[in-house]
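Novice: Take this structure first; my questions come after.
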Ligand code: AMP
C-alpha cells in the first residue's frame, strides 16, 4: 500500500499555520481541527517547519508566557517528508526511527497531504484483516 492510497481515502487537506502566528493561535487551530500538528508554511506555501502538540508542551514547560511567542520559535525546522509513491510500511519505519507521528507529503516542493501515525495504523490493520480473511478462505475452501 502506498501513501497515495491513504491520501485518496482521507483527502489532501493539510492544516497549515504561518510562522509569525502565536502559540495561542496554534493551540486554537489544533483544538478546532482536532489534530496533533500543523505544518508551518511561508506566504509562498513553502514548508518551513512543523509544530506538534509535543512542541507546545515543551514550550509550556518554560511557563505560560510562551503562549504569545511566535510558532517559528518552537517548530521543528528540519521536516522529514515523504512522496506519494512511498510504501506505508516505509513511512511507518521512518516515523518509528525519527520518533514523530506526522509526515507531510510533498510533490515538486508542494505540499499535497499529510500522513499521521493514526492513518498508518488504520490502513495497516485493514491490510492485516484482508490477509487474515484471505488465509481463512484458503484454509476453509479445501
Ligand atoms: P509528533 O510525534 O508528530 O507530535 O512530533 C514529535 C516531535 O517531532 C515534535 O518536535 C515535532 O515538531 C517533530 N516532528 C513531527 N513530525 C515531524 C516530521 N515529519 N519531521 C521532523 N520532525 C517532526
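Novice: What angle, in degrees between 0 and 90 and rounded to the nearest 10, separates the Cα long axis of helix 23-33 from the longest principal axis of the Cα atoms of the chain?
Specialist: For helix 23-33, the angle is close to 30 degrees.
Novice: Can I ask one more? In 10 Å bins starting at 0, how do the alpha-carbon pair distances of the range 1-72 split up by percent?
Specialist: 19, 46, 26, 8, 1
Novice: Then there is this: Could you tell me which of rounded, prolate or oblate describes the range 44-102, using a ≥ b ≥ c as the square roots of the eigenvalues of the alpha-carbon gyration tensor, with rounded for a/c under 1.5 and, failing that, prolate when a/b is larger than b/c and oblate otherwise?
Specialist: Because a/c hits 1.5 or more and a/b fails to exceed b/c, the range 44-102 counts as oblate.
Novice: Taking only Cα atoms, what is the 0 to 90° angle, nearest 10, from helix 88-98's long axis to the longest principal axis of the chain?
Specialist: Value to nearest ten degrees: 40.
Novice: Where does helix 117-141 land angle-wise versus the long Cα axis of the chain, in degrees 0 to 90, nearest 10?
Specialist: 0 degrees
Novice: How far apart, in nm, are the 7 Å Cα→Cβ label points at residue 131 and residue 67?
Specialist: The answer from the label model is 4.7 nm.
Novice: Expressed as a fraction of 2.2 N^0.38 Å, the rule-of-thumb size for a compact globular protein of N residues, what is the C-alpha radius of gyration of the range 3-141?
Specialist: 1.23
Novice: In addition: Could you list 128, 100 so that the one with the fewest beta carbons within 10 Å of its beta carbon is first and the one with the most is last?
Specialist: Listed from fewest to most nearby Cβ atoms, that is 128, 100.
Novice: Then there is this: Arrange the following residues from fewest to most other Cβ atoms within 10 Å of their Cβ: 4, 44.
Specialist: With the fewest neighbours first, 4, 44 line up as 44, 4.
Novice: Counting other beta carbons within 10 Å of each Cβ, put 53, 137 in order, fewest first.
Specialist: Ranking 53, 137 by Cβ neighbours within 10 Å, fewest first, gives 137, 53.
Novice: For the chain, what's the relative contact order in percent, using C-alpha pairs closer than 8 Å and at least 6 residues apart?
Specialist: Relative contact order comes out at 27 percent.
Rule-based calculations on the coordinates, nothing more; no lab input. Bear in mind that the values here come from a model prediction, so they are computed numbers and not experimental data. Here the Cβ is made from the backbone with ideal geometry for all residues, glycine too, and neighbour counts use every protein chain on show.
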